[in-house]
Amino acid sequence: MSSPLLIIQKLDLENCQIPGYFVISTAPINVEDQSQIKNQTDPEIFIQQITQYLKNHGEDAEILIMIHGYNTGQSGAEWWYKTACEYISQHYQKAPKGLLVVGYRWSSEKISEGDSGNFKDKIKFTQQALPRLLSLISKLGIVGVIVGLIGTIAGIFAALSLTFGVEILLAFVVLLILSLIAISPILTIVALRLTGYFRDTFRAANYGVSDLVEFIRQLDQSLVQNVGADDRQTQTAHHEQRRIRLSFIGHSMGAFVVTNAVRILSDVFDPGSIGNLDVNNRNKCPSSEIGNALCLGKLVLVAPDIPAEAIVSGRANTLRSSLRRFQEAYLFCNEGDMALKLASTSANYFSFPAKTRDGGYRLGNVMVRNWLGRGRESRQSASSSIVNQAEDGQLVNARGAGFLDYLFIREQKPLSERQLQVGLEENQKSIAELFTYFDCTNYQEKYHDPKTGQEKEVGIVSRALGKSFLSFSDYVSLSLDFFSGKIDTHGGYIFSSQNRPQPELSKRLIYGLSCLGFEGFLETLKTDAFFERSLAKIVALHPNLTALQQEKMALLQTLSHLCGERGMQVLLAPERYHVDILGQRRDRNDY
């Protein structure tokens, strides 16, 4: 194959029982770039390897696809996927025996290095690509600024010694101001280009999404093929009985790639997904099945760089249909994520069609708060980090707009208010209810300071100040911490530098939920000392529940205690409680 769409490599893993593959889109950084592929193994060979592995494990076969975000080089993405495979293998022996991890690399561009050269090269390419008129204006403007500066300095001396010196000074000052006005817009768009954000957005939408879709299509095609089987319909019917679960972890812009890929993979002619032309159509009940052999399992979004509108039900929500196809969905967010709050929100100011500031907020900045009402103080539960769980272990009955009262996009602005602006019919469930939210704004871990020799608790993705809402000065401080590299407010959920504590709990949750699911992850908490105490309390409070329900409710309280100790605030999806704790049937009607 001379020009493959994808390169597939097997990850070089040590002491890892889970096979991992690295799938690389060959889409170029610049449209003029030529493919550098040389002597690469035919990707079809690896597709067959993956297919055979999944077929060999039958009922236990499962795929976990991980997708990186903006400004990520190939080596950085590969490192993450390798460490994730090793982490899952070491910590989750109860993961499905047929679990296979796929790390997907789309053509993201590093700002300071990477496939398109160093920063000096990028400046050169930026100058070359600048439209001719703008290039001419910028050159004349730069000359004007230089002449204006020199002339202004000289004009000051002339004004002190010559009778007409004031006129000379004024002329050069006017030249300087006009030159700055001329080049300022051009310098702004040049700076935006150098950040690579819009370029990455284009590559993610037009290359990253489509190439991921094609990989999944080829894999599905390979799974329904069987040597010696003459009847393809018979083979397809066999896979309909037990489809292979397809789960995703999407970080940052990788969340955009995931959700848009699912939109394309969804069968638009499936009768369950058609319904009628009503905006709030309650007749739609799309299936999680895609293709002939796959179905959507868990979706884990970490600091997602997609609009907060993605969980607000209404006409503007372009992701509603794809999000509710997943069997389970989780969101890790942080009010202090300055990469999203500053860079992404500012950049999307130019492109996202919102007329208010609220419409441009990003999903990764959504906050979980227990708020009684406007003008009142926030009320964080002292005994439980799951804000919609009562002290007796049961779920607080808050549906529709009530559920959205726990979610905020800014201080005193719950998503319920935003939802009312775009419309939510009475008794209609919000798509936001399908997610379980882990707000890591105040998340902290214990850290042994080598300088003082003392152990202290340190914020992981923020300073963990314990405030209800961060102030403007807090944002300024966090911005300095983020850009200086002191705190990774955007990727700290997974990554950590040597002089920072490891994000043990967030990694445990992200990888555990993605490969075990909610019910499976709760099972891993039985060894926690808090579980036995909680179980005794639940048995006394709820003797009417079955032994299994009592055990699961105690495990849920154990999770709440674990997150509460580390400062995480959790908003539990009602479906997780009713399906995974009480054992009721899943009902996706009316979402």
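Report the equivalent ellipsoid semi-axes for the range 119-195 in whole Å, largest first, defined as the square roots of five times the eigenvalues of the gyration tensor built from alpha carbon atoms.
33, 11, 9
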Between the residues C333, G58, T524, the Cα farthest towards the positive end of the dipole of the chain, that dipole coming from +1 and -1 charges on the beta-carbon of Lys, Arg, Asp and Glu, is from C333
Using the basic label-point model (7 angstrom from Cα toward the beta carbon), what is the Q93 to Q74 distance in nanometres? 3.8
Would you grab the residues whose amide H sits under 5 Å from the one on I487? Only those 5+ places off in sequence or on another chain, please, with H modelled 1.01 Å from N. F482
V173 and S3 label points (each 7 Å along its Cα→Cβ direction) are spaced in nm at 6.0
Length gained when the stretch R132-N30 is fully extended (0.36 nm per residue, less Cα-Cα span): 34.8 nm
Any residue on another chain or 5+ positions along whose placed amide H is under 5 Å from the amide H of R105 is listed here as V23, I24, S25
For the pair E214 and I123, what calculated FRET efficiency results from E = 1/(1 + (r/R0)^6), where r is the Cβ-Cβ distance and R0 = 30 Å, to the nearest 0.05? 0.30
If each residue of separation counts as 0.36 nm, what is the full-extension length gain between Y349 and S497 once their alpha-carbon separation is subtracted? 50.1 nm
May I ask you to compute the full-extension gain from T41 to R533, defined as 0.36 nm times their residue separation minus their alpha-carbon distance, rounded to one decimal in nm? 171.5 nm
What are the ³J(HN,Hα) values, in whole Hz, obtained from phi via the Karplus relation 6.51 cos²θ - 1.76 cosθ + 1.60 with θ = phi - 60°, for each residue of the range 297-309 in sequence order, with x given for Gly and Pro? x, 9, 10, 10, 9, 10, 6, x, 8, 9, x, 4, 4
Out of the trypsin sites (Lys or Arg not before Pro) in the range 80-126, which ones are loop residues according to DSSP with at most 15 other C-beta atoms within 10 Å? K94, K97
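Just need the relative contact order of the chain here, percent rounded to a whole number, with Cα pairs under 8 Å and 6+ apart. Please report the intermediate quantities before stating the final value.
On the way: 1022 pairs, mean separation 72.2, N = 591.
After rounding, I find 12 percent.
Scanning the chain for helices, which whole DSSP H stretches are 30 Å or more long along the axis (Cα) and average 1.0 or more by Kyte-Doolittle? Could you put the intermediate results ahead of the total?
Working: long enough: 132-161 (43 Å, 1.90); 165-195 (43 Å, 2.36).
Passing helices, by number: 132-161, 165-195.
Where both residues lie in the range 1-142, what percent of DSSP beta bridges are antiparallel, nearest 5?
On the way: 5 of 17 bridges.
For the range 1-142, the DSSP antiparallel bridge percentage is about 30.
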Around I244, which amide H atoms from residues at least 5 apart in sequence, or from another chain, sit under 5 Å from its own amide H, with H modelled in the peptide plane? L294, C295
Computed [θ] at 222 nm, helices only, for the chain once each DSSP H run of length n ≥ 4 contributes -39500 (n - 2.57): -13000 deg cm²/dmol
Distance in nm between pseudo-label sites at S184 and H578 (7 Å out along the Cβ direction from Cα): 5.5
Checked against the positive end of the charge dipole of the chain (+1 on Cβ of Lys and Arg, -1 on Cβ of Asp and Glu, about the Cα centre), the farthest of Y591, S25, L212 is Y591
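Since every read-out is calculated from the coordinates, none of them should be taken as a lab result. Nothing here was measured: the structure is a model prediction, and the numbers come from that model. Glycine also receives a Cβ, built like all others from the backbone with ideal geometry; neighbour counts cover every protein chain displayed.
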